[in-house]
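The values are calculated or read from the model by the stated rules, or taken from the named source; none is laboratory data. All figures in this text were calculated on a predicted structure; none of them were measured in a lab. Cβ placement follows ideal geometry from the backbone for every residue including glycine, while neighbour counts extend to all protein chains displayed.
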Amino acid sequence: MGYFTIPLPTTTQFSEHSRKKLYSLSKRFSPPRVDFLSADYLDSGSTQPSTRFNNPHKTIEDVKTAELQTFREFSFMTPADLIFYLSPILDAHTKDPSLEATDFFIYSLERKLEDALKLLSSKEEETLIQALTYMYEHNWQAAVTTNESSLDSILHIEIQLMIDFQSCPDILQPINRKSHSEKVF
């Protein structure tokens, strides 16, 4: 059986200027009150310091993509902390759309979006929504499979979501998207 994925077309671009605005927005909320080290400590419930993360995040540059490969504890963060991590998450997601930390980040932001928006000016809110729209549109891929051993060699195409935006109606609303359902053709 053959299997490969291809990204689907998008309409929203995230220019270098937009990335700089997002970087500035995230930087404004540094250092985070709850960083990976603190969130890991809160998640473990241990009285011992975390050994999984030993790099405190004082600036956006302190956030390493390798750390995002294993981090899941965004739910322990404040709305300001989530804004701080948006720029590193977007950069890591752009490089690897299957990054699992993106889902955990989006779920946590969904729960705290209203409070996060209260911290922002209207221009900053536009930047946040543009970043979420970009992530939403770079969320789809087509998975193509075929059974090469079958005589009919039917080609199957499945549209897959990399991030579960359907579970996040509070995020879908400001980016003017409806939740999607699976389509079978």
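Tabulated data for the structure shown
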{"read-out": "The one condition in (1) exposed (fewer than 14 other Cβ atoms within 10 Å of the Cβ); (2) assigned to a loop (DSSP other than H, G, I, E, B); (3) of a type in the set (D, E, K, R) that ASP115 fails to fulfil", "value": "(2)"}
{"read-out": "So ALA80, is it surrounded by fewer than 22 Cβ atoms within 10 Å (Cβ to Cβ) and either part of a helix (DSSP H, G or I) or in contact with a helix residue (DSSP H, G or I) (Cβ under 6 Å, 6 or more places away or on another chain) (or both)", "value": "yes"}
{"read-out": "Failed criterion for SER87 (all others in (1) free of Cβ contacts under 8 Å to residues at least 60 places away in the same chain; (2) over 21 Å from TYR41 (Cα atoms); (3) buried (at least 21 other Cβ atoms within 10 Å of the Cβ) hold)", "value": "(1)"}
{"read-out": "Count - residues of segment 84-94 that are farther than 11 Å from ALA131 by Cα and either at pLDDT 95 or above or outside any helix (DSSP H, G or I) (or both)", "value": "3"}
{"read-out": "Residue among ASP40, ASP103 that is assigned to a helix (DSSP H, G or I), in contact (Cβ under 8 Å) with a residue 60 or more places away in the chain, out of contact with any Leu (no Cβ under 6 Å at 6 or more places or on another chain) and among the acidic types (Asp, Glu)", "value": "ASP103"}
